[in-house]
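Worksheet: the structure to be examined is printed underneath.
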Amino acid sequence: MVTSTARASRTAPAPNWAGVGTCTLSETDLAIPHPAPRRLPYHLLALTTAGHGTVEIDFVLQRCRPGTLLWIRPGQALRFGVEPGLDATLVSWDRELLSSADVSGVPVDDLPGPTRWQLAGEDEDAVINEVAQLGVDCSRHSSGAVAGALLRHQLAVLLLRIALLAAGDDQAATTGSESRTFARFRRDLEDGHPHSRRVEDYAARLGCSVRTLTRACLAVTGRTAKQVVDDRVALEAQRLLACTQLSVAEIGRRLGFGEPTNFGRFFHREVGLSPGAFRAGAGAAMPAQVADDVADIGARVPAQRLSVD
């Protein structure tokens, strides 16, 4: 559990030699009081095992209590609002470790996907067991091709179990030509958003009309293609303002704005604040978590299986 900064001896939990690793939140500097937002270059799962608190992912607060599972993708802005007693088991892995062929149906790329699950019943038991066994084997093995393959396989099984949690809810949104068009668009947008905010450019690269692309975006997100593009640019601007020391003018240039005033107008229109005001508020104290009357799950798994020495 997080009781002081003395135990936070590790930096953020980078994957180990096999490309995957586990530890507890309280062992890392993610658990320091009043943290600033940061961006990690790898995937991170956080399974709350004790206490209550909040985690901010891309400036959206996620309430955490025992059984809460969070998935933070590479590049997302992250900070833990640590309160006394909060702890979590963390699983991290390199962004190139698994491919879609390894875990069919699981969004293992860097695109944002489902972020939060509140586990219960058999789903909770299954995920806890997978996380616990992965932690045991990460602690036991420090080299070897077979051990590395075992850890990657265990991670794939864990991600497949997570994919099943929302399979029923997402099934309709993941079928049909519109969803395929939108998926291709999102991947193109990840690379293209610093260079173009024109929907026409993306439609041309996808080989479809602006109308077709807009229809796909509306079907999947309820937002037009132009709104999806502007949302992505505004999010990247927020991440850079909160997580770097780059000047507002430099951030604007990185996102394709030739003049700082144009960037400032765009940002204020999309976010509702000036870039300077957003940066000043990004490090403000996170609101206190209202505790729910839920038993800790740490007692359900032997301590040596939830943490790594």
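A few comments on the model shown:
- Expressed as a whole percent, the accessible surface of the stretch 12-144 that belongs to carbon and sulfur atoms is 50, based on a 1.4 Å probe.
- Estimated distance in nm for a label pair at HIS268 and ARG205, the labels positioned 7 Å out from Cα along Cα-to-Cβ: 3.1 nm
- Divided by 2.2 N^0.38 Å, where N counts the residues, the Cα radius of gyration of the stretch 192-248 comes to 1.30.
- Peptides 196-205, 156-165 ranked from most to least packed, by the mean per-residue count of other Cβ atoms within 10 Å: 156-165, 196-205.
The values are calculated or read from the model by the stated rules, or taken from the named source; none is laboratory data. Computed from a predicted structure; not experimentally measured. Note that each Cβ is placed from the backbone with ideal geometry, even for glycine, and that neighbours are counted across all protein chains shown. Note: accessible area is taken over every heavy atom of the protein model, side chains too, but ligands, DNA and RNA are not part of it. Shrake-Rupley method; radii C 1.70, N 1.55, O 1.52, S 1.80 Å.
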